[in-house]
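Accompanying notes for the structure given below.
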Amino acid sequence: MSMRLISLNVGLPRKVTWKGRTVLTGIVKEPVIGRVQVHRHNLDGDGQADRSVHGGPYKAVYLYPSEHYTAWRQEFPDLELPWGAFGENFTTEGLVEIAMHIGDKLRIGTAVVRVTEPRMPCYKLGLRLGRDDLLERFLASGRTGIYLAVEKEGEVGAGDTFTLLNRPGHGMTIADITRVFAIEKNDVDTLRRLAMLPELSDSWREYFRKQLHKRR
């Protein structure tokens, strides 16, 4: 299967009311037509309300596989789930967590991106879709989506195809991170491998080192 960008979605932070309080969030993304410039920390026309958890060098672009929408629409038939519903910038075909290796480099349009880590859901996902129970299911399902770093700035547009430029030899996937974080927490071998992985952010490596220490 080809790896393809189906929908390109952006949105600036906005104030919304949630459970009686006003919240600033950038999770509301909508498809755009035409080509968009991808920068080191985000895309033109896009923004994040809290840069500590979204955006920045390791999480500049959020990718979500279109393949997951089928499962979510079956689980939540009452929800409207247009492309971008999970707050993703890239809705894609052919890129899933179990197949994408940490550190994979891909060309899309004139940009080059690097696979970095899964998305850890926060309450704003429940806010976006109006379902508090989605957070736990989101993580347990493994359908987290993938964060990308921007190695080379450039322009992208819906319909562009991804080309794999380089794959590290460690064999660790985005799905491995979510698995040991949420489900198989005592998989010491995987914890050790992730703790030593230079392609991972310092914060993730430190987290896995702490988990290893607890299990000694």
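The values are calculated or read from the model by the stated rules, or taken from the named source; none is laboratory data. Given the structure is predicted, the values throughout are model-derived calculations rather than measurements. Here the Cβ positions follow ideal geometry from the backbone for every residue, glycine too, while neighbour counts run over all protein chains shown.
Taking the conditions (1) surrounded by fewer than 16 Cβ atoms within 10 Å (Cβ to Cβ); (2) part of a helix (DSSP H, G or I) in turn, G159 satisfies each one other than (2). The set of residues from region 164-215 being within 19 Å of L106 (Cβ to Cβ), loosely packed, with under 13 Cβ neighbours inside 10 Å and out of contact with any strand residue (DSSP E or B) (no Cβ under 6 Å at 6 or more places or on another chain) comprises G169, G171, P198. Residue count for region 17-49 satisfying the condition of being among the polar types (S, T, N, Q), touching a residue at least 60 places away in the same chain (Cβ under 8 Å) and buried (at least 17 other Cβ atoms within 10 Å of the Cβ): 1. Apart from one condition, R14 fits all of (1) of a type outside the set (A, V, I, L, M); (2) surrounded by fewer than 19 Cβ atoms within 10 Å (Cβ to Cβ); (3) at pLDDT 95 or above; the exception is (3). Conditions: (1) within 15 Å of the chain's Cα centre (by Cα); (2) under 23 Å from T163 (Cβ atoms); (3) in a loop (DSSP other than H, G, I, E, B); (4) of a type outside the set (A, V, I, L, M, F, W, C). S2 meets all but one. Number of the miss? In the conditions (1) within 15 Å of the chain's Cα centre (by Cα); (2) under 23 Å from T163 (Cβ atoms); (3) in a loop (DSSP other than H, G, I, E, B); (4) of a type outside the set (A, V, I, L, M, F, W, C), S2 misses (1) alone.
For region 84-107, the set of residues classified as part of a loop (DSSP other than H, G, I, E, B), surrounded by fewer than 20 Cβ atoms within 10 Å (Cβ to Cβ) and not β-branched (V, I, T) consists of G94, A99, G103, listed by residue number.
Yes/no per residue for (1) farther than 14 Å from M100 by Cβ; (2) touching a His at 6+ places or on another chain (Cβ under 8 Å); (3) at pLDDT below 95:
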residue: T161; (1), (2), (3): yes, no, no
residue: R167; (1), (2), (3): no, yes, no
residue: M172; (1), (2), (3): no, yes, no
residue: R205; (1), (2), (3): yes, no, no
residue: H213; (1), (2), (3): yes, no, yes
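Consider region 123-153 and keep the residues that are more than 20 Å from E75 (Cβ to Cβ) and surrounded by fewer than 18 Cβ atoms within 10 Å (Cβ to Cβ). The one that is nearest to the chain's Cα centre (by Cα) is E151. Just one of (1) within 18 Å of the chain's Cα centre (by Cα); (2) within 28 Å of H39 (Cα to Cα); (3) not in a strand (DSSP E or B) fails for P198. It is (1). The set of residues from region 162-186 being touching a residue at least 40 places away in the same chain (Cβ under 8 Å) and assigned to a loop (DSSP other than H, G, I, E, B) comprises R167, P168, H170, G171, M172, I183.
What are the residue pairs meeting all of these: first residue in region 204-216, first residue touching a residue at least 40 places away in the same chain (Cβ under 8 Å), second residue among the β-branched types (V, I, T) and surrounded by 16 or more Cβ atoms within 10 Å (Cβ to Cβ), Cβ atoms under 9 Å, and 6 or more apart or on different chains? Partner pairs satisfying both residue conditions: W204/T116; W204/I177. Scanning region 120-130 for residues that are part of a loop (DSSP other than H, G, I, E, B) and closer than 21 Å to E97 by Cβ gives M120, P121, C122.
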